Amino acid sequence: MLAKFFDDFAIAGRGLLLATKKKSFWLPFVLTFVIFGMLINLLSSGFISFQLIGGCLSSGDISGALKIVGSAFSAIFGIGRAFSDFIFNFILTLLQSVLIALVVFVAKHNRKEKRDKKSDKENESTSKNSLIKSDSPSSLESSALVAGLAVLGSGCPTCGTTLLAPVLGAILSGTTGAVSLAGTLSLILNIIAILIAILVFRKLGVQTYAIIKSEHFKEIHHEKAS
């Protein structure tokens with residue numbers, strides 16, 4: 001059982017490597033990496049960054065708003081952030097980007113196979129593709145769960161300036177205790193999000209490997225047939 005578990009990760013890694021050779025992988029990956037990474041960093045101090053951006057836009061200070069957005073972008077790569085806080089956000093952003101890119105890849109394959117199924121009634125292909133398709137919604141839900149945990153845990157766990165801090169501050173009496181608890185919960189949520197993302201990657205990576213290999217064998221079959 002344990003050996004199969006690690007074998008699946010090896011296959012998932014191969015699936016990811018093969019997927020990176022596809023152009024369709026990179027657009028959702030880059031978009032998710034930039035948007036999700038900036039969102040986490042903008043939420044690092046609660047909603048203050050969004051309030052500042054809104055204030056700049058309402059006063060016509062476009063450069064000020066762009067400066068805040070630019071700082072959030074550079075923070076994805078650790079600029080202006082402590083390494084201990086940066087590493088969690090970077091790993092989560094990277095994993096989430098990979099998950100979304102693989103979900104999109106599998107979904108595109110399913111749509112293509114659905115169109116082809118109208119002209120191709122092979123039972124083996126139909127049963128295999130329905131299995132892959134049935135896993136796609138659960139993978140997307142799991143990716144959304146990872147994103148939700150990452151957003152809730154966003155911030156600076158070591159200094160307690162997290163999205164949870166104002167919420168806990170309103171519930172608990174005593175700012176010091178709330179800030180300390182917020183930092184601890186933020187760290188725990190980040191760890192849970194990373195673990196879930198790794199498990200979801202295992203499933204999606206295996207699916208991606210099976211899809212790409214299946215397409216490869218089909219191409220060989222058509223070449224031999226022609």
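Computing FRET efficiency as 1/(1 + (r/R0)^6) for Lys4 and Leu199, where r is the C-beta to C-beta distance and R0 is 25 Å, gives about 0.95. Each pair of Cα atoms in region 1-59 enters the Kirkwood radius, and Stokes-Einstein at 37 °C and 0.692 mPa s then converts it into a translational diffusion coefficient of 222 µm²/s.
Cross-link reach is defined here as a Cα-Cα straight distance under 28 Å, omitting same-chain residues fewer than 8 places apart; for Lys117 the lysines meeting it are Lys21, Lys22, Lys23, Lys108, Lys128, Lys133, Lys203, Lys213, Lys218, Lys224.
In order along region 205-215, the Karplus-derived 3J(HN,Hα) couplings, from 6.51 cos²θ - 1.76 cosθ + 1.60 at θ = phi - 60°, round to x, 5, 4, 5, 4, 5, 5, 5, 5, 4, 5 Hz, and Gly and Pro are given as x. For Ile192 and Ala82, FRET efficiency with R0 = 22 Å and r from the beta-carbon atoms, rounded to 0.05? Once the sixth-power term is evaluated, E becomes 0.55. Looking at region 1-116, the accessible area is 55 square angstrom per residue; that uses a 1.4 Å probe and ignores ligands, DNA and RNA. Summary value for region 18-100: 40 percent relative contact order, contacts being C-alpha pairs under 8 angstrom separated by 6+ residues.
The values are calculated or read from the model by the stated rules, or taken from the named source; none is laboratory data. Everything numeric in this text was worked out from a predicted model, so none of it was measured. Every residue, glycine among them, receives a Cβ derived from its backbone with ideal geometry; neighbour counts consider all protein chains shown. Calculation scope for accessible area: heavy atoms of the full protein, side chains included, ligands and nucleic acids excluded. Shrake-Rupley method; radii C 1.70, N 1.55, O 1.52, S 1.80 Å.
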